[in-house]
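Asker: Quick one: the structure is below, questions incoming.
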Amino acid sequence: MSDNKLEVTASAQQQPSQQRSTQKESELPENAQVANGQSANEQVSLARFPKRLLILMVVYILTSVSGLLASDTSNKQSLLFCVLTLMLVAAVFGRQKAALYMLRGYAVVQMAFYSMLPLLMSGDATPREPTRFEVGPYFIELGDWFIYGLLFALGLWQLWVSFSKSVANCFVRKVNMNILS
């Protein structure tokens, strides 16, 4: 019977220590520090890059590269705009907090431009014919209202992506205005 008492007391002493160790293990991922100074939760959030942000970055890359290929060397402003957009994409993939601010500013400025575009294009010097897009033997004619609506929808989508919470959680570094570090 004394052996049973010893086993019971030994198992009773092990249970609280086991409970404490499992309790500490469950708390460990929240408070654990990894080598680069970030907690494990921050590291998990770094691993997840929102799909909508990836799609937006692909759109930016495609438009910038096509702008670089289509522009001539006489229009240096369009070349500069395309290169700056590619630098913004590089900064977003670097998860810099400054890139989040630039992405939001970029979306707001584009939305303002898209909103004013019908007013800017309504002068007497602009043609009233539908815009014709030709790709090889195929072509499509679109009215200005359709193009403005498409650009406005693109601007709204950019605003939604850049101001969404999941995108903001993706950028976890301290405020650093050096976008390429």
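Just so it is clear, none of the values below were taken in a lab; they were calculated from the coordinates. What you see is a predicted model; the values in this text were computed from it and never measured. All Cβ positions, even for glycine, are placed from backbone atoms using ideal geometry, and neighbour counts span all protein chains on display.
Asker: Length gain on complete extension for the stretch Ser122 to Val135, per 0.36 nm per residue less the alpha carbon to alpha carbon distance?
Answerer: Residue separation times 0.36 nm, minus the Cα-Cα distance, leaves 2.0 nm.
Asker: Packing-wise, with mean Cβ within 10 Å as the measure, how do 155-166, 60-71 rank, highest first?
Answerer: Top of the packing list down: 155-166, 60-71.
Asker: How much length is gained on full extension from Leu62 to Gln77, taking 0.36 nm per residue of separation minus their Cα-Cα distance?
Answerer: The span from Leu62 to Gln77 would gain 3.6 nm if fully extended.
Asker: Tell me whether segment 60-116 comes out rounded, prolate or oblate; compute the Cα gyration tensor, take square roots of the eigenvalues as a ≥ b ≥ c, and use a/c under 1.5 as the rounded threshold.
Answerer: oblate
Asker: Given a Förster distance of 30 angstrom, what is the FRET efficiency for Trp157 paired with Leu86, based on the Cβ-Cβ distance and rounded to 0.05?
Answerer: Efficiency computed from Cβ-Cβ geometry: 0.90.
Asker: Given labels modelled 7 Å from the Cα in the Cβ direction, how far is it in nm from Phe146 to Leu69?
Answerer: 2.4 nm
Asker: For the pair Tyr101 and Leu54, what calculated FRET efficiency results from E = 1/(1 + (r/R0)^6), where r is the Cβ-Cβ distance and R0 = 30 Å, to the nearest 0.05?
Answerer: Efficiency, from the Cβ-Cβ distance: 0.95.
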